[in-house]
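Q: Structure incoming, see below.
The values are calculated or read from the model by the stated rules, or taken from the named source; none is laboratory data. Source: prediction; values computed, not measured. Cβ sites come from the backbone with ideal geometry, for glycine too, and all protein chains shown count toward neighbours.
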Amino acid sequence: MSKSNSSTINSILPNLCYTPLVYERINKKPANNLTQAEIEKLIYESVKYADSIEKHGKNYYVNNLSSHISITINSNNFRVITVNKL
């Protein structure tokens with residue numbers, strides 16, 4: 001992990017936030033049935049141990065190969081937008 005990615009991770013992790021809609025999206029797309037706490041843990045761990053983080057426009061795109069997911073996070077308010085399977 002590069003120093004810039006480490007800095008980005010350190011700015012994202014304490015600020016992650018969610019909406020009720022994103023919990024629904026996360027359970028719908030990967031076809032899971034996770035609780036809110038399980039979703040938050042999955043996102044937190046996936047960002048913490050991300051394989052790559054890229055910023056394009058107003059979003060961060062976080063890839064975690066071991067979790068097989070890609071997470072889109074708004075870079076202004078750190079709100080999780082969606083999660084996709086890799």
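Q: Across the stretch 71-86, what is the number of residues that are farther than 12 Å from Glu45 by Cα, outside any loop (DSSP other than H, G, I, E, B) and touching a Ser or Thr at 6+ places or on another chain (Cβ under 9 Å)?
A: Total satisfying the criteria: 8.
Q: Is it true that Asn63 is under 20 Å from Ser7 (Cα atoms) and part of a strand (DSSP E or B)?
A: Judged against the criteria, Asn63 is a match.
Q: Here are the criteria: (1) at negative phi; (2) surrounded by 14 or more Cβ atoms within 10 Å (Cβ to Cβ); (3) hydrophobic (A, V, I, L, M, F, W, C). Tell me which single one Phe78 does not satisfy.
A: Answer for Phe78: the failing condition is (1).
Q: Could you check the stretch 52-67 and list, in sequence order, the residues that are closer than 12 Å to Ile81 by Cβ and of a type in the set (D, E, K, R)?
A: Listed by number, the list holds a single entry, Lys58.
Q: If a residue must be at pLDDT 90 or above and surrounded by 16 or more Cβ atoms within 10 Å (Cβ to Cβ), how many such residues does the stretch 19-39 contain? Steps first, answer last, please.
A: Taking the stretch 19-39 first, the residues at pLDDT 90 or above are 19-23, 35-39.
Add one more test, that the residue is surrounded by 16 or more Cβ atoms within 10 Å (Cβ to Cβ), and what stays is 22-23, 39.
Qualifying residue count for the region: 3.
Q: Could you tell me whether the stretch 20-31 includes any residue that is part of a strand (DSSP E or B) and of a type outside the set (S, T, N, Q)?
A: Looking through the stretch 20-31, none of the residues is part of a strand (DSSP E or B) and of a type outside the set (S, T, N, Q).
Q: Just to be sure before I move on: is Tyr49 in contact with an Asp or Glu (Cβ under 8 Å, 6 or more places away or on another chain), more than 15 Å from Leu86 (Cα to Cα) and of a type outside the set (Val, Ile, Thr) in the structure I sent?
A: On the way: in contact with an Asp or Glu (Cβ under 8 Å, 6 or more places away or on another chain): no; more than 15 Å from Leu86 (Cα to Cα): yes; of a type outside the set (Val, Ile, Thr): yes.
It is false that Tyr49 is in contact with an Asp or Glu (Cβ under 8 Å, 6 or more places away or on another chain), more than 15 Å from Leu86 (Cα to Cα) and of a type outside the set (Val, Ile, Thr).
Q: When you look at Lys85, is it touching a His at 6+ places or on another chain (Cβ under 7 Å) and in contact (Cβ under 8 Å) with a residue 40 or more places away in the chain, yes or no?
A: So Lys85 fits the description; yes.
Q: When residues of the stretch 40-69 are filtered for being of a type in the set (S, T, N, Q) and either within 19 Å of Pro20 (Cα to Cα) or surrounded by fewer than 19 Cβ atoms within 10 Å (Cβ to Cβ) (or both), how many remain?
A: Residues flagged as of a type in the set (S, T, N, Q) and either within 19 Å of Pro20 (Cα to Cα) or surrounded by fewer than 19 Cβ atoms within 10 Å (Cβ to Cβ) (or both) within the stretch 40-69 amount to 4.
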